[in-house]
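A short worksheet on the structure shown next.
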Protein chains: 2
Amino acid sequence: MTTAIDRLRDWLAEIADLGDVTHLLEWDQQTMMPARGAAGRAEALATVRRVSHEKFASAQTGKLLEAAGAALDGADPGGDEAALVRVAARRWEKARRVPIELAAARAKAASLGQEAWREARARSDFAAFVPYLERNLELARRYVECFDEFDCPYDVLLDDYEPGMRTATVTALFAQLKSELIPLIGTLSDHRDRVDAACLHGSFPAAQQRELAVAVVRLMGYDPAAWRMDTAVHPFATSFGHQDVRITTRWDESYFPAALFGAMHECGHGLYEAGIDGALQRTPLGHAESLAIHESQSRLWENMVGRGRAFSNVLAPLLARTFGGALAGLDPDTLYRAVNRVAPSFIRVEADEATYGMHIVLRFELEQQLIEGQLSIRELPEAWNARFKEYLGLDVPDDAHGVLQDVHWSSGSIGYFPTYALGNLIAGELWERVHVEHPDLDQHLEAGDLGPLREWLRESIHRHGAKFTMPELLERVVGDSIAVEPFVAYLKRKLSDVYGLRL
Amino acid sequence: MTTAIDRLRDWLAEIADLGDVTHLLEWDQQTMMPARGAAGRAEALATVRRVSHEKFASAQTGKLLEAAGAALDGADPGGDEAALVRVAARRWEKARRVPIELAAARAKAASLGQEAWREARARSDFAAFVPYLERNLELARRYVECFDEFDCPYDVLLDDYEPGMRTATVTALFAQLKSELIPLIGTLSDHRDRVDAACLHGSFPAAQQRELAVAVVRLMGYDPAAWRMDTAVHPFATSFGHQDVRITTRWDESYFPAALFGAMHECGHGLYEAGIDGALQRTPLGHAESLAIHESQSRLWENMVGRGRAFSNVLAPLLARTFGGALAGLDPDTLYRAVNRVAPSFIRVEADEATYGMHIVLRFELEQQLIEGQLSIRELPEAWNARFKEYLGLDVPDDAHGVLQDVHWSSGSIGYFPTYALGNLIAGELWERVHVEHPDLDQHLEAGDLGPLREWLRESIHRHGAKFTMPELLERVVGDSIAVEPFVAYLKRKLSDVYGLRL
């Protein structure tokens, strides 16, 4: 039995390595690469993608999978070996339908698109970005055409980020979420004077912000022997195995929460990758699979911990010590209320927890229209702005603050956005559950002791890598499927506290 | 005709991309990677090497080469297409003899060896490094066994760094070089009091050193849009195509020449890669091939420009402005004489131009003994120290200052060292030639105008990439083969000036 599994494992180990190589090429492009390296980088990414796809989508993978499947007969379906075969087989069934040239073309267009986006965003010049977005969209449509079993084209794309998830399920969840968020946002804007966020604005030198961010992520579990933190225009986390985790943040010298909570967010992602069992490394199980679960980790650390009442007792004195000046003697309650102020704003990654969901709903709706041809790229900025006004009541001043703000479409990641809001919902369920299992969790957080939370997450979620699908994992951990209620209950509880209202 | 060449070019473009990917993996390992990433990195490097070797060493490459060769019939043998076929065919003839597993094993051992070396060097612990060096040496011997046409085993290794060069030729050149250097070093140590190098020592904060280094490499042609400069334990230069050049340096806060001249050295390498014709990118001609020519560029910029009398007129005021203090009002003549002081020392990369050659001769002799089994690894430190005493008159205090100082053996690069001294010889020939073609060159250097030199080097050497072998290139540029005399004449001229002697 071992032999067939081992042969499959060896074959897939090289494909896992090539995946990590891709991650490094992308990490370097976004953090280190000089601008003129872009053309060469796009070629390198396309080549690695081509080689990797050719290997993985081959008949050889199919044969090895079949032999390993046969050898498994009777093995524990919850074991690593069964999961290895199951997950690899599912991915292979998708990959083998995609021509090598299409896979390579998507990688190249993604790399070139990101460089074009960076420049277009800096100049708020949507027209300059149009050809790149058109190319990505055309390739996404060709990708969809490789498949035939789906309810709608968007299903195919969504499945790449959230395996097994259907557009109809997301639509239903988002309808419920919208019906909760819209009135909540309305109520809170009637009481906007109740919360003062002045302490968040001022002059915060990047070097000191970096010190602060490092101090906080070290409390979370960031370890310089196995991690790095760098600067990126659009912050992200990645990893090349569990012993080499890279996170990024950006520095706004007039507003510290962007970097601080951004770093906590990316460190949340990083802890997931760092927590995956060593035994799963260099297999298809060695990275997390569900992006919704991934995002649940980042959002939980960013918002439920970082913007929570308990941890404000740690952050307030740390901010006071780091920046002094107007923040000297910063009160935890003042900080807690300020960072939870609800106010519609333009930039998704800086949105508060209540309006955030609406940013996602908007993108989810627009990208479905794009992929189904109901909306042309030329019409996209206008459609964005109109829907933004409808959902958040603001007039978008320029495309840099609107349709150009996110990297995703530039890199061909269409179908990715909904996982952000799904991540919030899952975080709500996990947050409820961890408090049941650790009734004294808040005391630990208040003392800056983040170990119990991290270890619970590692034990419940991280260590499994890609072994379980999102529904399987939720069933194991919270005994339920994905749901809107726990997140909304958490949000209303917190905002009632912040605003002194009964929401 | 175009079709067969184009098919070959497309095939080789992917192999060139995989080469650049390898360079990025190595660059990241030496500049950015957290320590615990080492095991994963070794696997990734082995996989990329395996994939690339499998592709290049295949029968398919042979067929494409044959078809392209036939299609070339009658084409200009000096043209890009003929060179492409010629260079690729030569490399393929070597590659196809090497088993895939051996190529991958060498890449993995090189990566692991470097990490082990970094730690062993920090602790001056040769014993901890022994197993890694043994592995590299064993793999180098197995590599040699793949070939049968050579005069001695070392020829095979040397040929990888300096195509076509024979051990016997190097031995003859080095014998002549030794016969010049040993008496020269002896004479100068009798007059050591004539030069005072006190101005080089003091307190030089790394941040200011970085500013200085950037200012100087920018004069040379470093362009932030297409280059980066980072920190590395063992400085090096690399590139992923001519539009993404990476150089490194290290900061000794008590001795500024290490970083300054190190940066000029690596920038010299970088200018070579940056100067290669765009049309040769993503082909086997797109990187330089002869490491001796490569080293001639770095040494020429580091020593003939950087430590030259003319450019001291630029460096002295720059140093005075950057560091002030004891260097305020630094006199160009004082600086020029200090940086050219000849004194035996332990570390090769910090050696003066006269003793440098002896560091190389020592390594060349020892690595031949290692590869031929005349010397065991356990005996290596003792052999190193004995020969060091013989050639340079010093007692090596510990292995960090002796046998452990260089990265090369840790990464399996055996046969690489001689190219450094050959580079000095070539630099001597080029320096002579450029002064014939640009009689006013020194006035330009004195004014900080490094453009004419850079453009001459680009036009004569850089743009050709790997089109010509080292002897072909020298014949084109200086009308001669590699020779000891011009370098020795240059050195004696300069040191006569510095010491006020007739050497």
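The values are calculated or read from the model by the stated rules, or taken from the named source; none is laboratory data. Being a predicted model, the structure only gives us computed values, none of them experimental. FYI the Cβ positions are ideal-geometry reconstructions off the backbone, even for glycines, and counts take in every protein chain you see.
Evaluation of B:Gly186 against the conditions (1) over 30 Å from A:Pro34 (Cβ atoms); (2) of a type in the set (Gly, Ala, Ser); (3) crowded, with 17+ Cβ neighbours inside 10 Å shows that the sole unmet condition is (3).
Scanning segment B:26-37 for any residue that is more than 17 Å from B:Val233 (Cβ to Cβ), assigned by TED's automatic domain parsing to the domain that holds B:Ala75 and touching a Leu at 6+ places or on another chain (Cβ under 9 Å) turns up nothing. Residues in segment A:220-256 that are surrounded by fewer than 19 Cβ atoms within 10 Å (Cβ to Cβ), more than 10 Å from every other protein chain (Cβ to nearest Cβ), outside any loop (DSSP other than H, G, I, E, B) and not aromatic (Phe, Trp, Tyr): 1 in all. Restricting attention to segment A:170-181, the residues that are crowded, with 21+ Cβ neighbours inside 10 Å and in contact with an Asp or Glu (Cβ under 9 Å, 6 or more places away or on another chain) total 2. Residue under question is A:Ala57, and the condition is that it be more than 9 Å from every other protein chain (Cβ to nearest Cβ) and modelled with pLDDT under 95; does it hold? Considered against the rule, which asks whether it is more than 9 Å from every other protein chain (Cβ to nearest Cβ) and modelled with pLDDT under 95, A:Ala57 comes out as no.
Within segment A:446-462, residues that are over 17 Å from A:Ala288 (Cα atoms) and touching a residue at least 60 places away in the same chain (Cβ under 8 Å) reach no partner that is of a type in the set (Asp, Glu) and surrounded by fewer than 17 Cβ atoms within 10 Å (Cβ to Cβ) with beta carbons closer than 9 Å at six or more positions or on different chains.
Beta carbons closer than 6 Å, at least 6 apart along the sequence or on distinct chains, pair a first residue in segment B:283-311 that is under 14 Å from B:Lys494 (Cα atoms) with a second that is among the acidic types (Asp, Glu) for B:Asn303/B:Glu353; B:Ala310/B:Asp442; B:Ala310/B:Glu446. Scanning segment A:142-155 for residues that are under 13 Å from A:Glu367 (Cα atoms) and within 23 Å of the chain's Cα centre (by Cα) turns up A:Pro153, A:Tyr154, A:Asp155. Condition check for A:Leu430 on (1) part of a helix (DSSP H, G or I); (2) within 30 Å of A:Phe346 (Cα to Cα); (3) out of contact with any Pro (no Cβ under 9 Å at 6 or more places or on another chain): one failure, at (3).
Each row is one residue, and each column tells you yes or no for (1) of a type in the set (Val, Ile, Thr); (2) not assigned by TED's automatic domain parsing to the domain that holds B:Val48.
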{"site": "B:Pro99", "(1), (2)": "no, no"}
{"site": "B:Ala122", "(1), (2)": "no, no"}
{"site": "B:Val130", "(1), (2)": "yes, no"}
{"site": "B:Glu138", "(1), (2)": "no, no"}
{"site": "B:Leu157", "(1), (2)": "no, yes"}
{"site": "B:Thr187", "(1), (2)": "yes, yes"}
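For segment B:350-399, filtering for residues that are more than 23 Å from B:Gly412 (Cα to Cα) and part of a helix (DSSP H, G or I) leaves 8. Against the definition (more than 14 Å from every other protein chain (Cβ to nearest Cβ), of a type in the set (Asp, Glu) and part of a helix (DSSP H, G or I)), how does B:Asp193 come out, yes or no? Taking the combined requirement at face value, the residue satisfies it. Can you tell me which residue within segment B:1-25, out of those that are aliphatic (A, V, I, L, M), surrounded by fewer than 22 Cβ atoms within 10 Å (Cβ to Cβ) and over 29 Å from A:Met32 (Cβ atoms), is farthest from the other protein chains (Cβ to nearest Cβ)? Looking at the filtered set, the residue picked out is B:Met1.
Which ones in segment B:276-298 are more than 11 Å from the chain's Cα centre (by Cα) and either more than 14 Å from chain A (Cβ to nearest Cβ) or assigned to a helix (DSSP H, G or I) (or both)?
Within segment B:276-298, B:Asp277, B:Gly278, B:Ala279, B:Leu280, B:Pro284, B:Leu285, B:Ala288, B:Glu289 qualify.
Within segment A:314-328, being free of Cβ contacts under 8 Å to residues at least 60 places away in the same chain and surrounded by fewer than 20 Cβ atoms within 10 Å (Cβ to Cβ) holds for A:Pro317, A:Ala320, A:Arg321, A:Gly324, A:Ala328. Considering only segment B:63-86, I want to know if a residue exists there that is modelled with pLDDT of 95 or more and within 14 Å of another protein chain (Cβ to nearest Cβ). No, there is no match, as no residue in segment B:63-86 is modelled with pLDDT of 95 or more and within 14 Å of another protein chain (Cβ to nearest Cβ).
Out of the residues in segment B:149-169 that are outside any helix (DSSP H, G or I) and of a type outside the set (Phe, Trp, Tyr), which is surrounded by the most Cβ atoms within 10 Å (Cβ to Cβ)? Per the stated criteria, the residue is B:Glu162. Scanning segment A:117-137 for residues that are of a type in the set (Asp, Glu), part of a helix (DSSP H, G or I) and in contact (Cβ under 8 Å) with a residue 12 or more places away in the chain turns up just one, A:Glu134.
Quick one: in segment A:26-54, which of the residues that are of a type in the set (Asp, Glu) and within 7 Å of chain B (Cβ to nearest Cβ) is farthest from A:Glu119 (Cα to Cα)?
Applying the filter and picking the extreme gives A:Glu43.
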